[in-house]
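What follows is a short report on a single structure.
The values are calculated or read from the model by the stated rules, or taken from the named source; none is laboratory data. Just so it is clear, the structure is predicted and the values come from calculations on it, not from any experiment. When we count neighbours, we look across all protein chains shown, and the Cβ atoms used for this are built from the backbone with ideal geometry, even at glycine. Accessible surface areas use protein heavy atoms only, side chains included; no ligands, DNA or RNA. Shrake-Rupley method; radii C 1.70, N 1.55, O 1.52, S 1.80 Å.
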Amino acid sequence: MRLSNRLGLPGLPEVHSARRALQVSPVTPALQEVRMGERLELECEAFGGPPPTIQWLRDGQPIGQGMDEAKSFNNLLSADALNGLAGGLPMPSMGKMTSNQVLQPMDSPTGIAKVTSRLVIDCALPVHRGLYSCAAVSGADADVSPPATVYVEADGVRNLSALLSACQHPGLGGLGLSASGLPRITTFASFVMDVAGADITLPCVAEGSPRPEVYWTDNNNQLITPRGLMSRRNRYKVLPNGSLVIMKVRWSDMGVFTCVARSEAGRDNATTFVYPLSAEKCKL
């Protein structure tokens, strides 16, 4: 397996056609214009087998964790935005991005899944302008979505000191900022199919300030506890990142599982339909 691909990204396998061809949806919305300091969110989906993993790109480059913290104040703000300011301003950490890393594979060579990823920028700044796309990998297949355009309007912003302070402290009002502290599930699978008897993982990654608690309910709307008394419960395990592992999936597991992210600021939820397959159907 060669480490080259039509995405031009190092470390991704060579692309080839497969029975369960990888499909990546366009990023939505395709065009997003926000004012500096506002919250923005992008979303894309990837379908394939094995279950795909997703990496967000900006202007064709992978978005790395802590990219904003590495930027200086002068790089974050355009010259136009600095006009009319008197004196210097501090160089704070700001504009946090979430869901900007590749997820761990769901470790199921026989599985098929449709995975949704959301890129959330709490406090948009001029440095966040660009073309955003998501790259997905499924087994030896890889693909990239058409890009979406993000434009951050900085003209007319005068009280930058107050705005940047609010960027560092989500939830401050008076500047037209979104409530970025609200829990948001940024990665989940809308459905997962696999052979009965396989171990499957239902991803659920949540962000928010304070960090939300994540819990699951099963296909009977019953809370999944860390250590259930029934054998059925013992097959379920919630991972530290919020994902749910179902060991030796059975026909009785078929149905909707719900991931809930909850904090004092609010809650968000996402559902996953689990569909166990017979070995015969999987070979079709």
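Per-residue SASA remark: Ile200, around 0 Å² accessible (1.4 Å probe; ligands, DNA and RNA not included).
How charged is the neighbourhood of Val260? Take every other residue with its Cβ under 9 Å from the Cβ of Val260, and add Lys/Arg as +1 and Asp/Glu as -1. Write out the running numbers ahead of the final one.
Details: positive: Arg262, Arg267; negative: Glu213, Asp268.
Cβ neighbours under 9 Å give a net charge of 0.
With every protein chain in place and a 1.4 angstrom probe, the accessible-area ranking of Tyr151, Tyr132, largest first, reads Tyr151, Tyr132.
Computed packing ranks the peptides 250-261, 135-146 as 135-146, 250-261, most packed first, by mean other Cβ atoms within 10 Å.
Any chance you could run the full-extension gain for Leu31 through Ser252? It's 0.36 nm times the residue separation minus the Cα-Cα distance, nm to one decimal. List each step's numbers first, then the result.
On the way: separation 221, 0.36 × 221 = 79.56 nm, distance 4.28 nm.
Length gained between Leu31 and Ser252: 75.3 nm.
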